[in-house]
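Reviewing the structure listed below.
The values are calculated or read from the model by the stated rules, or taken from the named source; none is laboratory data. Small disclaimer: the values here were computed from a predicted structure and weren't measured. Positions of Cβ are backbone-derived with ideal geometry, glycine not excepted, and every protein chain shown enters the neighbour counts. Side chains included, ligands, DNA and RNA excluded: accessible areas come from the protein's heavy atoms. Shrake-Rupley method; radii C 1.70, N 1.55, O 1.52, S 1.80 Å.
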Amino acid sequence: GYFQRNSEFRFRMKDGSERTCLTSADLLRLGGQTCVLTVLNDITERKQAEVARQAAEERFAKAFQASPQAMCINRVADGRYIDVNASFANLVDYPLAEIIGRTSFEVGIWADPQARAATNQAIIEQGSNRDFEHRFYTRKGELRDIVAAGVAIEVDGEPCILSVVNDVTARKQAE
């Protein structure tokens, strides 16, 4: 009968290294004796990759949030902001709660929505796009000139675009 399925255990090897294994065991009768059949599946590399991925995600999240560069992540399917950092919220003069979960059209920042759509399409097709210029409005209706870069990424299995935005309004006015 059933004894144990897919329990995770750590084993120390002769050389002192440790391995992580999923173990399953069943009781069975052989020649009138009760025996245990044990199967070990070494998942050490998978566990190490998972820890490394979690550490990378944490580093990215900290860099994203702490960056003085305005940054946002939009879902490709519907354009919703998955995340924006404080620098982006400051640039467009909206509270984070009024941006995240909404589309840029709902927030109403793009001066030329068709140009935004074309830029996003280029990012999706090419994987990235650098130095694209756009204009958008702040909550108070001020027109801002931006230069941005975007890269196609995946968030929770969904295609998204990570954008880094530079406000060049002062430079444009000086020119």
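Given all pairs of different Cα atoms, what value in angstroms does the Kirkwood hydrodynamic radius of region 64-162 take? Could the numbers behind the result be given before it?
Working: mean 1/r = 0.0742 Å⁻¹.
This gives a value of 13.5 Å.
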Worksheet item: Once both axes come from the Cα atoms, what is the angle between helix 113-126 and the longest principal axis of the chain, in degrees from 0 to 90, rounded to 10?
Response: 40 degrees
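What ranking, highest mean first, results for peptides 71-83, 146-158, 9-21 when packing means the other Cβ atoms within 10 Å averaged over each residue? Please list the in-between numbers first.
Values: 71-83: 17.7, 146-158: 14.9, 9-21: 10.1.
Those peptides, ordered most packed to least, come out 71-83, 146-158, 9-21.
Of Leu22, Leu37, Leu27, which has the most accessible area with a 1.4 Å probe, and how do the rest follow in descending order? Write down the numbers at each step before the final one.
On the way: Leu22 35, Leu37 90, Leu27 70 Å².
Descending accessible area places them as Leu37, Leu27, Leu22.
How much FRET efficiency would the formula 1/(1 + (r/R0)^6) give for Arg29 and Ala86, where r is the Cβ-Cβ distance and R0 is 45 Å, rounded to 0.05?
Rounded to the nearest 0.05, the efficiency is 0.10.
Tell me, what is the percent relative contact order of region 1-125, built from C-alpha pairs under 8 Å that lie six or more residues apart? Could the numbers behind the result be given before it?
On the way: 152 pairs, mean separation 15.5, N = 125.
Averaging sequence separation for qualifying contacts and normalising by length gives 12 percent for region 1-125.
What does the accessible area per residue of the chain come to in Å², with a 1.4 Å probe and no ligands, DNA or RNA counted?
Numbers: 11020 Å² over 175 residues.
Computed with neighbouring chains in place, this is 63 Å² per residue.
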Fill in: Two-site label geometry, Ala97 and Ser67: point separation in nm, points 7 Å out along Cα→Cβ
2.6 nm
Worksheet item: Taking only the alpha-carbon positions of region 87-128 and ignoring solvent, what does the Debye formula give for the base-10 log of I(q)/I(0) at q = 0.15, 0.20, 0.34 Å⁻¹?
Response: -0.45, -0.73, -1.05
Fill in: Two-site label geometry, Glu106 and Val51: point separation in nm, points 7 Å out along Cα→Cβ
4.0 nm
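Just want to confirm a number: the relative contact order over region 53-135, from Cα pairs under 8 angstrom separated by 6+ residues, in percent. If you can, show how the numbers build up before the last one.
Details: 83 pairs, mean separation 15.3, N = 83.
Computed over region 53-135, the figure is 18 percent.
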Response to the item:
Output ordering of 119-128, 53-62 (per-residue mean of other Cβ within 10 Å, highest first) is 119-128, 53-62
Discussion item. Leaving out ligands, DNA and RNA, and with a 1.4 Å probe, what % of the accessible surface on region 1-147 is carbon or sulfur?
Written reply: 52 percent
Worksheet item: Measuring from label point to label point, each 7 Å out along Cα→Cβ, what is the Arg75 to Ser17 span in nm?
Response: 4.2 nm
Worksheet item: Quick one: helix 44-66 against the long Cα principal axis of the chain, what's the angle to the nearest 10°, folded into 0 to 90?
Response: 20 degrees
Worksheet item: Normalised by the residues of region 107-175, what does the relative contact order come to in percent, with Cα pairs under 8 Å and at least six apart?
Response: 26 percent
Item to complete: Quick one: grab the alpha carbon gyration tensor of the chain, order the square roots of its eigenvalues as a ≥ b ≥ c, and give me rounded if a/c is under 1.5, else prolate or oblate depending on whether a/b is larger than b/c.
Response: prolate
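How far, in nm, would the chain grow between Thr138 and Ala174 when pulled straight, counting 0.36 nm per residue and subtracting the alpha carbon separation? Numbers along the way, then the final one.
Working: separation 36, 0.36 × 36 = 12.96 nm, distance 2.01 nm.
That works out to 11.0 nm of additional length.
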